[in-house]
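> I'd like to ask some things about the structure below.
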Amino acid sequence: VLTSKNTKRHSRIELVRGRGATLWDAHGVSYLDFSCSYGPIVLGYANEEVNAAARAQIERGALFPWATSQVDELSALVCANMPRATECLFFKTGSEAVAAGARLARAATGRQTIVRCGFHGWHDGVISPFYHWHDADGIAEGREIPGVAGHSTRDWIVWDGRSVAGLDQILAAHDGGIAALIVDPVQFREPIGEAIAACSNTIRRAGGLFILDEVKTAFRVGPGGIQKKYGVSADLSIVSKALGNGFPIAGVVCTNELERFAATAKIKGTYNSDLVSIAAATATLKLLESRNVAARLQQIGSTLIAGFNDLAHEVGVEDRVRAMPFRWDCMPHVTFAGDEGRARSERFASDLLERGIVWLANHMNYISMAHTEADVARFLDACRSVLRGAVTGR
Ligand SMILES: Cc1ncc(COP(=O)(O)O)c(C=O)c1O
């Protein structure tokens, strides 16, 4: 079973190559992949144009002592579709960008506490207590993570995202002390646009900044992420994953007024303007811009979801398992009912893996531009043979 990416060996399968929507193991066995490596792969594995841009940059030099105009070019491309954005500060990972965004918000407001909603990476302030944020029907009880220093979580408050009244209560209890609200938009239910507008108005009324963590959604749900799609805007946005099509890059998107706090807040990093990832991300964004990516990903995702639910009906298990968009069809999710739901999901993924399909258990999966209708048909075919066993556990 696939577990965490960070465990040393997360699967008994040794992957050696990827192209498009396919991965190969050391024995030459191929796998149709729907993990997209937890989201970054948006164009497909080993995209030719992205790789060519990265290779050319490797030849010229991976890193220089100060940022070049390529960094400005990418910053302009990122900001082009984001409302109010004028600057993007670059980092290597989403966790790092979240930490920088939080520091920037504290520096700009002179306040300490940040309210968080959703998964924001693994750094101390945001990992403990740990919740199963990606459960389709709610979040489980939080649990403390060993090794996290108690003081580092003191200035973070968890909001479950269910009601703005709940957020209001938190803000009232910390009158004038909240620097920002950071949310992962996948936590919101429909109508998502209204939920985002309501909580952004609420935090701004309280004098705090609104941070949208678009690590999963930017460049995938739409070119301007959630903000363009729903006509909302954030003071700071965190982007990563699809930005680099697998190359490590993340960004804090903000305005000049906020960016000027970066220097005094010591927001820096040796590899922040690593030019290989900058080149790869620039190529990725140009390719994304030239294709109607969001519509295509939605279309393939909705075909997969509808096909799965028809199949569940045909097999007579539709009351115990369903496919659903994890808010958007481009992030399909299969969820099993009941107390055994998480175990059933793992069995389902492990049975699919035996049939050459990589599917993430208890997590949203992702569609890339490399997926085709034929891939969806192959996935459904494999589901047909594993569904009953996964649902009954026999
Ligand atoms: C919304 C969100 N924020 C932050 C992160 C952390 O990103 P990284 O794993 O690159 O540190 C993730 C990772 O999945 C994420 O989904």
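Quick note: the coordinates plus some simple rules give every number you see, no bench work behind them. Since the structure is predicted, the reported quantities are computational estimates derived from the model, not experimental observations. Here the Cβ positions follow ideal geometry from the backbone for every residue, glycine too, while neighbour counts run over all protein chains shown.
> Report, in order of residue number, the helices in the chain meeting two criteria: a C-alpha extent of 15 Å or more along the helix axis, and a mean Kyte-Doolittle hydropathy of at least -1.0; treat each whole DSSP H run as one helix.
Long hydrophobic helices here: 48-60, 69-80, 94-109, 192-205, 275-290, 293-315, 341-354, 373-392.
> Continuing with this model, one more query. Let me check against my output: what whole-number percent is the relative contact order of segment 189-257, with C-alpha pairs under 8 Å and at least 6 apart?
Contact order relative to length: 27 percent.
> Which net charge results when you count Lys and Arg as +1 and Asp and Glu as -1 among the other residues whose beta-carbon is under 9 Å from that of residue 222?
Counting the neighbours of residue 222, the net charge comes to +3.
> Between residue 339 and residue 257, take the C-beta separation as r, use R0 = 30 Å, and let me know the FRET efficiency to the nearest 0.05.
0.05
> Let me ask something additional. Leaving out same-chain residues fewer than 8 places away, which aspartates and glutamates sit with a Cα under 13 Å from that of residue 228?
Within the straight-line cut-off, residue 228 pairs with 214.
> Once amide H atoms are placed 1.01 Å from N in the peptide plane, what residues at a sequence separation of 5 or more from residue 331, or on another chain, have their amide H within under 5 Å of its amide H?
Sorted by chain and number, the residues that satisfy this are 326.
> Return one quarter of the surface area of the convex hull spanned by the alpha-carbon atoms of segment 291-377, equal to its mean projected area, in nm².
Across all orientations, segment 291-377 yields a mean hull projection of 5.6 nm².
> Rg(Cα) of segment 2-111 divided by 2.2 N^0.38 Å?
In units of the globular-protein estimate, segment 2-111 measures up at 1.40.
> Now for a different question. Extent of the chain along each principal axis, from alpha carbon coordinates, in Å, largest to smallest?
Principal axes ranked by extent give 58, 54, 40 Å for the Cα atoms.
> Another question, then. Contour minus end-to-end for residue 292 and residue 175, with contour as 0.36 nm per residue of separation and end-to-end as the Cα-Cα distance?
37.7 nm is the gain from fully extending residue 292 to residue 175.
> Between residue 124 and residue 141, 0.36 nm times their residue separation minus their Cα-Cα distance comes to what?
Roughly 4.3 nm would be gained on extension.
> Among 242, 53, 102, which one shows the biggest mean-square fluctuation in a GNM of the chain, springs joining Cα atoms closer than 10 Å?
Per the Cα network of the chain with a 10 Å cutoff, 53 tops the list.
> Could you give the radius of gyration (one decimal) and Dmax (whole number) of the Cα atoms in segment 176-231, in Å?
In Å, with Rg to one decimal and Dmax whole: 11.4, 35.
> Something else now. What does segment 137-243 give for Rg and for Dmax, in Å, if only its C-alpha atoms count?
Expressed in Å, the Cα Rg and Dmax of segment 137-243 come to 14.5, 40.
> Multiply the residue separation of residue 190 and residue 313 by 0.36 nm, subtract the distance between their alpha-carbon atoms, and state the gained length in nm to one decimal.
Length difference between fully extended and current span is 41.8 nm.
> Distance between the C-alpha centers of segment 183-207 and segment 36-94? Whole Å please.
The distance from the Cα centre of segment 183-207 to that of segment 36-94 comes to 28 Å.
> Mind listing P(r) for segment 150-195? All alpha-carbon pairs, 5 Å bins, whole percents.
5, 18, 28, 23, 16, 8, 2, 0
> What is the log10 of I(q)/I(0) for segment 290-337, computed with the Debye formula using one identical point scatterer on each Cα and no solvent, at q = 0.15, 0.17, 0.32 Å⁻¹?
Debye output, listed in q order: -0.40, -0.48, -1.09.
> Taking Cα atoms of segment 19-76, Rg/Rh with Kirkwood Rh, to two decimals?
1.11
> Can I ask one more? What is the Cα radius of gyration of segment 55-177 over 2.2 N^0.38 Å, N being its residue count?
Its radius of gyration relative to the 2.2 N^0.38 Å reference: 1.33.
> Could you state, as a whole-number percent, how many of the C-alpha pairs of segment 236-394 are farther apart than 22 Å?
Cα-Cα pairs of segment 236-394 separated by over 22 Å account for 53 percent.
> Here's another thing I want to ask about it. For labels at residue 56 and residue 388 in the simple 7 Å Cα→Cβ model, what's the distance in nm?
Modelled inter-label distance: 5.5 nm.
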